[in-house]
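The values are calculated or read from the model by the stated rules, or taken from the named source; none is laboratory data. Fair warning: this is a prediction, and the values are worked out from it, not measured in the lab. Cβ sites come from the backbone with ideal geometry, for glycine too, and all protein chains shown count toward neighbours. These accessible areas exclude ligands, DNA and RNA; they are computed on the full protein's heavy atoms, side chains included. Shrake-Rupley method; radii C 1.70, N 1.55, O 1.52, S 1.80 Å.
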Amino acid sequence: MRRNLESQAGLRAVAGRMGALGLLALSSLPGPVRADVVTDWNLTTLQAAAAAGVNQRQQRVAAMAHAAMHDAVNSVAPQYEAYAVHVSPSGEASIEAAAVQAAYGVLIRLLPARAATLDAARSASLSRIHDGPDKEEGLAVGEAVAGQIVALRCTDGSDVDGSYAFGSGPGEYQRTPPTFGNPSIPAFRFVKPFVLKRGDQFRAEGPPSLDSDEWAADFNETKRLGSVNSAERTAEQTEIALCGAEPPLPMWNRVARSVSAERQTSLVENARLFALLNLAMVDATIACWDSKYTYRFWRPVTAIPLADTDGNDETEADPAWTPLRPTPLHPEYPSAHSCVSNAAAKVLTSFSGKHIAFSMATSTCPAGVVRSYDSFKALADEVGDSRIYIGFHFRSSIRDGAKLGRHVGHWTFHRFLQPLDDAQCRAF
């Protein structure tokens, strides 16, 4: 049955489009700026999730919104396997309306406090779609998909914060300055994955032994280059540290919007691209959290002042050592940014190719700084280096986090949302 879902949302003035997230657009080869309802609602999703302050859960929100958009668009114009839901339209249906309502339907259920912004964005999107039966049918499809996607994830364990018992011995994660707060959502490692079989499917192999040469090399590299007053970190390395401090969710979605604009991808292709990207990133986070809270390794801000307890003659304590920026509140190994960035880079490389040149400014770059790359992997590699220069991680953590992320990205791209053959398309 068709319903006029548009009437459910109040007609409010359109909110500003994403502030800094919208202004800091990545550019690769020169070309026109191009957007569709998928990229519009990518921005709206990131804005709403960031405003809600949901930490690692932002990635879950983004994955659900984009999975819903993909399945809604694919229900109207089936070209790929569904992620989870197929709703057959009862007649001709607008793919644009289906995508808008799918994203809106997920977000309004997950983030009801953001209703004013979401209603305004919905009204703005729908005002550009011609009224008629096709629009109404698209809205009905999108709403049905959104409801089913939310229902599928309602008992996934993401609402549990969990507790943590800090250690005090060498190598153990301890409360970190300056806030000495509790770790961020330790139970996120138990969230049901979106695409992986289990959170431990690609568990990292573990940090080096404290009595090893590898540990000494890791320790001394971060000690030299990651302190707030390092005399050895170059100006460019400091720039890399600061630019890489942006969270991966806005960073890599910005890269994907550039890919979309430069390649002039269709709405159907965009629905698939952004779903694959955000599904890979959320599961890379879940997998990373599994490894982090399995090994519970200490941060540089703890390890370097307490090096006289690690039993390694090649490490020397510096009680005054402080990282370039305050340390995130979760265990060190593996690097979360490396896990998620390499999952994202793997998906984008698989979608677009290995040699894509682009330039980018992040929201945390010093004013006027734009950095250039010759591939998505190059950005992921630089993000890894940035975690040394900012004083958050050790080299083994970056290497093993990157490996974990690549596994997740490969698994996601090659096993989900695969193209339908002609016979399958005709069957719908």
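One table, with the values for the structure above:
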| item | result |
| --- | --- |
| Complete set of residues in region 175-222 that are open to solvent by 20 Å² or more (accessible area, probe 1.4 Å), touching a residue at least 12 places away in the same chain (Cβ under 8 Å), closer than 24 Å to Tyr389 by Cα and hydrophobic (A, V, I, L, M, F, W, C) | Leu210, Ala217 |
| Failed condition for Ser363, given (1) within 19 Å of the chain's Cα centre (by Cα); (2) at pLDDT below 95; (3) more than 30 Å from Tyr164 (Cβ to Cβ) | (3) |
| Filter result for Ser386 (open to solvent by less than 20 Å² (accessible area, probe 1.4 Å), in contact with a Cys (Cβ under 8 Å, 6 or more places away or on another chain) and closer than 27 Å to Ala231 by Cβ) | yes |
| Count of region 353-381 residues which are in a loop (DSSP other than H, G, I, E, B) and either open to solvent by 30 Å² or more (accessible area, probe 1.4 Å) or out of contact with any Asp or Glu (no Cβ under 8 Å at 6 or more places or on another chain) (or both) | 14 |
| Test: residue in region 154-169 that is polar (S, T, N, Q), surrounded by fewer than 17 Cβ atoms within 10 Å (Cβ to Cβ) and in contact (Cβ under 8 Å) with a residue 60 or more places away in the chain | no |
| Residue list for region 395-418, restricted to those being closer than 17 Å to Pro193 by Cα and either free of Cβ contacts under 8 Å to residues at least 60 places away in the same chain or open to solvent by 40 Å² or more (accessible area, probe 1.4 Å) (or both) | Arg406, His407, His410, His414, Arg415, Phe416 |
| Selected residue (only one of Ser212, Ser158 is among the small types (Gly, Ala, Ser) and under 22 Å from the mean Cα position of the chain (by Cα)) | Ser158 |
| Matching residues in region 343-352 - criterion: being in contact with a Lys or Arg (Cβ under 8 Å, 6 or more places away or on another chain) and either open to solvent by 10 Å² or more (accessible area, probe 1.4 Å) or among the β-branched types (Val, Ile, Thr) (or both) | Lys346, Thr349, Ser352 |
| Test: residue in region 283-295 that is closer than 16 Å to Glu172 by Cα, open to solvent by 20 Å² or more (accessible area, probe 1.4 Å) and either assigned to a helix (DSSP H, G or I) or in contact (Cβ under 8 Å) with a residue 12 or more places away in the chain (or both) | yes |
| Tabulated pairs, region 85-105, first at pLDDT below 95, second not aromatic (Phe, Trp, Tyr), C-beta under 6 angstrom, 6+ apart or interchain | Gly91/Glu137 |
| Any hit, region 285-305, residues being over 21 Å from the mean Cα position of the chain (by Cα), more than 24 Å from Ala241 (Cα to Cα) and not charged (D, E, K, R) | yes |
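Residues checked against (1) part of a helix (DSSP H, G or I); (2) open to solvent by less than 10 Å² (accessible area, probe 1.4 Å):
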{"position": "Ala51", "(1), (2)": "yes, no"}
{"position": "Ala68", "(1), (2)": "yes, yes"}
{"position": "Ala72", "(1), (2)": "yes, yes"}
{"position": "Ala84", "(1), (2)": "no, no"}
{"position": "Pro89", "(1), (2)": "no, no"}
{"position": "Ala99", "(1), (2)": "yes, yes"}
{"position": "Tyr104", "(1), (2)": "yes, no"}
{"position": "Arg109", "(1), (2)": "yes, no"}
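Per-residue answers, yes or no, for (1) among the β-branched types (Val, Ile, Thr); (2) touching a residue at least 40 places away in the same chain (Cβ under 8 Å); (3) assigned to a loop (DSSP other than H, G, I, E, B):
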position: Thr302; (1), (2), (3): yes, yes, no
position: Pro305; (1), (2), (3): no, no, yes
position: Asp313; (1), (2), (3): no, no, yes
position: Ala317; (1), (2), (3): no, no, yes
position: Ala320; (1), (2), (3): no, no, yes
position: Glu332; (1), (2), (3): no, yes, yes
